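Just below is one structure, and these are the notes that go with it.
What follows draws every value from the coordinates through simple rules; no lab data is involved. Everything quoted here is computed from the prediction, not taken from an experiment. Because the Cβ atoms are built from the backbone with ideal geometry, glycine has one as well, and the counts that use them run over all protein chains shown.
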Amino acid sequence: MSDSIRIAAPATVSNVGPGFDLMGFALEQPLDILKVKRNKQNTIRIFNESDATIPLDPFKNVSSVAIKSLLDTLQINEGFDLIFEKKINPGSGIGSSAASCTAAVYGVNQLLGKPMETESLIDSALAGEFIASGSLHADNIAPALLGGFILIRSYNPIDIIKLTYPKNLVCTLVHPDLVINTKESRKLIPEKIELNASIAQSGNIAALVAGLNTNNYALIGRSLIDKIAEPHRSKFIPGYDILRKRLSDCGVLGMNISGSGPSVFALSDNPETAAKAAKIMEDTFLENNIKSVTYVSGVSQVGTRVLD
Ligand code: HSE
């Protein structure tokens with residue numbers, strides 16, 4: 001059995017408009033890469049070979065916390081080195097910590113001879129995500145681990161549903177050069193929501209699932225409305241309302257904040273519109289003196305995987 005393995009884990013868009021904490025999908029790019037190596041020290045050691053800033057203290061690093069949780073579940077004590085080649089920046093709203101957690105538990109599970117089913121790794125990955133965001137949301141973790149478009153019906157017990165979706169769906173994603181901390185961003189959202197908002201949110205999430213399932217692009221587009229998080233978080237994304245208007249004029253199906261932001265995503269039914277949306281996103285942030293990186297990507301059927 002090999003002592004070392006390289007794992008890739010995808011970026012993810014969570015919430016997807018109305019699905020706050022309940023919905024997410026995996027992107028074909030960007031991908032995080034993590035090398036996991038057994039060591040003889042019976043401890044987890046972190047090495048960073050990327051430009052991203054990540055905690056090197058194993059008690060503060062999401063991946064080592066996730067591995068510790070997995071080892072506790074398996075009741076074993078082994079040491080691993082984690083060598084990060086991060087491509088997904090922390091604080092970007094595209095599941096950076098989720099990708100780190102799923103890559104870590106997936107890699108360790110492989111090196112241990114796969115004692116766990118992939119889906120059962122979710123709980124350990126969530127334990128890592130918890131220290132980054134202060135909450136046990138799986139809407140990045142589940143698609144990062146399993147790929148595809150995911151709905152989380154229930155958290156206790158966890159019940160994850162892989163949705164079908166139109167194969168032509170294209171996501172344009174912009175990551176402006178801003179950092180929004182998920183823990184802080186969650187504090188912006190009131191504990192209670194109005195009945196009217198709850199009704200609208202339920203209608204939109206149900207309609208989004210129906211639209212995805214029946215390849216109804218127009219329905220997908222008009223369901224990408226969020227009454228819970230977007231009203232509070234969009235204020236921290238300069239130019240957001242202008243961006244929404246411009247993207248709508250260019251023909252995207254719909255748009256919203258990716259996860260807790262600052263990244264913003266738009267869905268289109270063809271690559272040409274998706275490419276135009278990328279340019280509009282970049283230009284709109286530049287008008288606000290903010291540089292950005294854009295991605296045009298399909299939804300990835302594949303989640304976390306072995307590279308070599
Ligand atoms: N659903 C979570 C949130 C995702 O919106 O806070 C964080 O990336």
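Annotations for the structure displayed:
- Stokes-Einstein D for region 170-298, Kirkwood Rh over Cα pairs, 10 °C, 1.306 mPa s (µm²/s): 105 µm²/s
- Relative contact order [Cα under 8 Å, 6+ residues apart], region 170-298, whole percent: 41 percent
- The chain, relative contact order in percent, only Cα pairs under 8 angstrom and at least six apart counted: 25 percent
- Compared with the direct C-alpha span, the chain from Ala206 to Gln29 gains 61.0 nm at full extension, assuming 0.36 nm per residue.
- Helix axis angle, 122-133 relative to the chain longest principal axis, alpha carbon, degrees: 70 degrees
- Total formal charge among the other residues, if their Cβ is under 10 angstrom from that of Ser292, Lys/Arg +1 and Asp/Glu -1: -2
- Theoretical ellipticity at 222 nm over the chain - DSSP helices of four or more residues, -39500 (n - 2.57) apiece, nearest 500: -11000 deg cm²/dmol
- Of the trypsin sites (Lys or Arg not before Pro) in region 112-189, those whose Cβ has at most 10 other Cβ within 10 Å and which sit in DSSP loop: Lys167
- Residues Tyr106, Tyr155, Tyr217 in ascending order of nearby Cβ atoms (within 10 Å, fewest first): Tyr155, Tyr217, Tyr106.
- Residues whose amide H comes within less than 5 Å of that of Lys227, counting only those at least five positions distant or on another chain, are absent (H built at 1.01 Å from N in the peptide plane).
- Among the trypsin sites (Lys or Arg not before Pro) within region 227-308, those in coil by DSSP and having at most 12 neighbouring Cβ atoms inside 10 Å are Lys291.
- For the chain, the longest principal axis of the alpha carbon atoms and the long axis of helix 271-287 meet at an angle near 90°.
- Cβ crowding within 10 Å, taken as a proxy for footprinting-reagent exposure, orders Leu126, Leu178 from fewest neighbours to most as Leu178, Leu126.
- The percentage of C-alpha pairs in the chain whose separation is greater than 27 Å is 38%.
- Coarse-grained scattering of region 120-166 at q = 0.14 Å⁻¹, given as base-10 log I(q)/I(0) from a Debye sum over alpha-carbon atoms: -0.31
- Under 13 Å, Cβ to Cβ, from Leu22 - net charge with Lys/Arg +1 and Asp/Glu -1: -3
- Computed about its Cα centre, the charge dipole of the chain is approximately 40 debye, with only Lys, Arg, Asp and Glu carrying charge at their Cβ.
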